[in-house]
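The values are calculated or read from the model by the stated rules, or taken from the named source; none is laboratory data. Owing to the predicted nature of the structure, the values given are computational and were not obtained by experimental measurement. Neighbour counts run over all protein chains shown; Cβ positions are idealised from the backbone, glycine included.
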């Protein structure tokens, strides 16, 4: 805990590694959730994860609680040595691939991410799956989305969406062959002091539009843009950010210069980490942008494989938008309400 501006401020650690004893205890909790999930519906499984998550090791629970409440300077918390099985099936190779059943990795995501809030998913993406496979897909190498293999530009997850997630969990099941697919993150709290006051002023104005992600527009001829919005919100001490460096466009020249300055500032403070199996990166979606370095898939069944889960701090404001019969899946976006260039 530190003193800043006369107030007490606490920050979460940057990472937490489970000891062998803690990993064994976490594995037991995961097994109990998997047993409870047998024959249960989605509502019961999510409720069980919320309840049983409290049985995880105390040190891990403290790290997750601090990250939820206070964040940290990098906007990312890494949890390592999560006991997921090493006896994995081949890496999926379909664009809409998603987890089926409560596997050890699914149980781990449900238990840990539920300590940060409520699960959320989107009807247009991975068919609204709760836990989604992130892996390279043949023929989609050049795409700026989770199925690609080229450099994935820095972005806020679902920056175009009014109900974007507050936290994004990326759990590594299998790394890429050459360990080149580094996860890249950059924090606005670290980039903010690098920016000029003039650029910050522009970035705080509604002079930027973001188009819908490709994964939300499969089968559509166009990807529409949102209405103009600011990129930076919050205070100077606790700034927040929403931007996608592939899909956000400025509305005028000063906005273009400010956006370029923000890009350079974020590149200055970027961090890279090659995730290992059993490592979960939890991204504070309004504190840090994330991306991925380029890599070369082999499509031999052992390519890079992550699983992803989104949460919001509370699902209550979204209840009117959640599909009937679901407790986490947002219905399709109303396309007529967005601006087409």
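The figures follow:
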| read-out | value |
| --- | --- |
| Test: residue in region 248-255 that is in contact (Cβ under 8 Å) with a residue 60 or more places away in the chain and surrounded by 17 or more Cβ atoms within 10 Å (Cβ to Cβ) | yes |
| Count of region 212-242 residues which are crowded, with 22+ Cβ neighbours inside 10 Å, under 27 Å from residue 147 (Cβ atoms) and in contact with a helix residue (DSSP H, G or I) (Cβ under 8 Å, 6 or more places away or on another chain) | 2 |
| Contacts under 7 angstrom Cβ, first residue in region 90-108 being within 27 Å of residue 64 (Cβ to Cβ), partner surrounded by fewer than 16 Cβ atoms within 10 Å (Cβ to Cβ) and at pLDDT below 95, 6 or more apart | 98/127; 104/85 |
| Considering residues of region 190-211 that are under 24 Å from the mean Cα position of the chain (by Cα) and buried (at least 23 other Cβ atoms within 10 Å of the Cβ) only, the residue modelled with the lowest pLDDT | 211 |
| Residue in region 115-136 that is in a strand (DSSP E or B) and within 25 Å of residue 58 (Cβ to Cβ) present | yes |
| Among (1) assigned to a loop (DSSP other than H, G, I, E, B); (2) in contact with a helix residue (DSSP H, G or I) (Cβ under 9 Å, 6 or more places away or on another chain); (3) crowded, with 20+ Cβ neighbours inside 10 Å - the single one residue 176 does not satisfy | (2) |
| Selection count, region 73-102, where residues are closer than 27 Å to residue 51 by Cβ and at pLDDT below 95 | 7 |
